[in-house]
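Chemist: Structure incoming, see below.
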2 protein chains.
Amino acid sequence: MNMNVLFSPLEQIDVRALADASADPWYNQTLCRVNDCVVRLGVVQGEFHWHKHDEEDEFFYVVEGTFIIELEDQVIELNPRQGVTVPRGVLHKPRAPERTIILMMEGARVIPTGD
Amino acid sequence: MNMNVLFSPLEQIDVRALADASADPWYNQTLCRVNDCVVRLGVVQGEFHWHKHDEEDEFFYVVEGTFIIELEDQVIELNPRQGVTVPRGVLHKPRAPERTIILMMEGARVIPTGD
């Protein structure tokens with residue numbers, strides 16, 4: 001988890017180059033701060049654990065690949081150019097069957113390892 | 001400008017379908033609320049006017065096309081998978097030479113016609 005904010009305001013962010021350079025199997029990098037939120041890049045493959053954020057909504061958008069969000073009573077499958085907001089307090093388990101590039105937006109206070 | 005929030009939490013957002021369906025030459029639709037921010041979709045071609053937001057940062061991410069942000073002292077050109085945050089108070093003039101699909105993230109209070 002890379003919680004440092006990689007880009008300053010007005011600094012151009014190249015998601016393609018960052019994704020190409022990522023070696024970690026579950027890469028999660030904060031890109032920039034926008035008001036009280038952050039934009040994060042994920043380059044992921046595999047499973048994350050069940051978790052929730054008590055105080056923060058979390059938005060996911062798929063750039064490339066397939067991102068599956070298991071909820072207690074449904075499964076949301078996101079393909080490229082699809083997104084969803086998981087609201088605060090909702091248990092979810094993300095997984096990616098193949099290498100998948102996502103953008104996330106959430107409150108700047110979220111610790112991405114999950115509450 | 002469509003300021004209504006189109007999608008509820010946990011509702012799947014299909015950017016491709018929305019973009020395909022947009023007819024307005026400067027389509028700007030709020031997709032969802034995430035904490036104190038909103039995610040917006042733009043399907044744009046042409047020029048917007050010089051403006052700034054005194055209280056809110058604004059993040060732009062290009063899905064398709066080319067999005068050019070003129071600033072007083074530089075020009076930022078964004079191609080697919082590139083993004084940038086324009087911080088509060090900075091005058092900017094966006095334009096898109098061709099039909100361009102962007103995602104924007106900004107404070108929920110921003111009126112997209114500009115201050």
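Chemist: Show log10 I(q)/I(0) for the protein assembly as shown at q = 0.08, 0.11 Å⁻¹, two decimals, from a solvent-free Debye sum over equal Cα scatterers.
Modeler: Relative scattering, expressed as log10 I(q)/I(0), comes to -0.26, -0.50.
Chemist: Turning to a different aspect of this structure: Name the residue from B:67, B:49, B:87 whose Cα lies farthest towards the positive end of the charge dipole of chain B, charges +1 on Cβ of Lys and Arg and -1 on Cβ of Asp and Glu.
Modeler: Of the listed residues, the answer is B:67.
Chemist: Can you sort A:44, B:75 from fewest to most other Cβ atoms within 10 Å of each residue's own Cβ? The partial results should precede the final answer.
Modeler: Details: A:44 23, B:75 10.
The order, fewest Cβ neighbours first, is B:75, A:44.
Chemist: Would you mind getting me the FRET efficiency between residue A:66 and residue B:93? Use the beta-carbon distance for r and R0 = 35 Å, nearest 0.05.
Modeler: 0.40
Chemist: Assign unit charges at the C-beta atoms only (+1 for Lys and Arg, -1 for Asp and Glu), then state the dipole size of the protein assembly as shown relative to its Cα centre in Debye, rounded to the nearest 20.
Modeler: Using Cβ point charges on Lys, Arg, Asp and Glu, the protein assembly as shown gives about 240 debye.
Chemist: Report the rotationally averaged projected area of chain B based on its alpha-carbon convex hull, in square nanometres.
Modeler: On the way: hull surface 26.5 nm².
Orientation-averaged projected area of the Cα hull: 6.6 nm².
Chemist: For a footprinting-style exposure proxy, rank B:70, B:55 by other Cβ within 10 Å, fewest first. It would help to have the intermediate numbers written out before the result.
Modeler: On the way: B:70 17, B:55 11.
Least crowded to most crowded, the residues run B:55, B:70.
Chemist: May I pose another question? Would you mind working out the magnitude of the charge dipole of chain B relative to its Cα centre, with +1 at each Lys and Arg C-beta and -1 at each Asp and Glu C-beta, to the nearest 20 Debye?
Modeler: Its charge dipole is roughly 220 debye.
Chemist: Karplus couplings for segment B:43-53 from phi (6.51 cos²θ - 1.76 cosθ + 1.60, θ = phi - 60°), rounded to Hz, Gly and Pro as x?
Modeler: Ordered by residue, 3J(HN,Hα) equals 10, 9, 8, x, 10, 9, 8, 4, 6, 8, 10 Hz.
The numbers here are math on the coordinates, done by the rules we state, and not lab data. Predicted model only: the values in this text are computed from it and were never measured. Positions of Cβ are generated from backbone atoms using ideal geometry, with glycine treated the same way; all protein chains shown enter the neighbour counts.
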